[in-house]
Amino acid sequence: MNIDWLSTWSLIRISGFLAYFLFTLSIAAGLMNRLSLFKKQKPLMLELHKLSGWIGMLTVVFHATLLLVDSYMPYTIFEILIPFSSENDPFFSGLGTISFYFFLVTLGTSDFFIKALGRTLWKKIHFLVIPAWILMVLHGIIIGTDSAQPWAAFIYGSGTVLVIMLLVFRYVEGLLESTGNNKRKIVKKTP
């Protein structure tokens, strides 16, 4: 029986893809939560958004912890926590570290400091999730040893298309809402 998929190296790769999936799901659910099409599923989307975000964060911590104990290319705690300090591909390893910090700030402020920050500041901080996600995608595609595989390209490509489509839908819906609100204001002012 071959259990190579339980090796540290395999678990590092699996946890990286799982984190990508969970954070993509979290962002997608967060964007769908704001779309009128999913108005009836709002509580479900919000719960999915939060749960997949936190499980994604735990998966990243697992991913980084495995890098500490990997025998092929071990990282030090310093290389994991300090961006661009890694011996292995310092730039793209650093993007992964920065992505982790952006996700951590986003999750932490959302669940623990939203009232103290106020909704306006919290919302600005919450938008860090998009650069965090982009940095994570770049980190995975460039450093990931499976990135050249067709299945990996499909996973990265489909997640990217999904997030971009939802961002565009949200942006267009926001424009339509503001246009509708402006028309209503004009109509109310007319005698």
From the list 95, 107, 117, exactly one residue is over 17 Å from the mean Cα position of the chain (by Cα) and either under 21 Å from residue 34 (Cα atoms) or surrounded by 14 or more Cβ atoms within 10 Å (Cβ to Cβ) (or both). Which is it? 117
Out of (1) in contact with a Leu (Cβ under 8 Å, 6 or more places away or on another chain); (2) closer than 18 Å to residue 30 by Cα; (3) of a type in the set (Phe, Trp, Tyr), the odd one out for residue 122 is which? (1)
Within the stretch 84-115, restricting attention to residues that are free of Cβ contacts under 8 Å to residues at least 40 places away in the same chain and of a type in the set (Gly, Ala, Ser), which residue is nearest to residue 135 (Cα to Cα)? 94
Failed criterion for residue 134 (all others in (1) closer than 21 Å to residue 64 by Cβ; (2) free of Cβ contacts under 8 Å to residues at least 60 places away in the same chain; (3) not in a helix (DSSP H, G or I) hold): (3)
Quick one: would you say residue 31 is modelled with pLDDT of 95 or more, surrounded by 13 or more Cβ atoms within 10 Å (Cβ to Cβ) and more than 17 Å from residue 169 (Cβ to Cβ)? no
Could you tell me how many of the residues in the stretch 143-156 are surrounded by fewer than 12 Cβ atoms within 10 Å (Cβ to Cβ) and under 18 Å from the mean Cα position of the chain (by Cα)? 1
Scanning the stretch 63-77 residue by residue, the ones that are among the β-branched types (Val, Ile, Thr) and under 12 Å from residue 11 (Cβ atoms) total 2
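The values are calculated or read from the model by the stated rules, or taken from the named source; none is laboratory data. Model, not experiment: these values are computed from the prediction. Cβ sites come from the backbone with ideal geometry, for glycine too, and all protein chains shown count toward neighbours.
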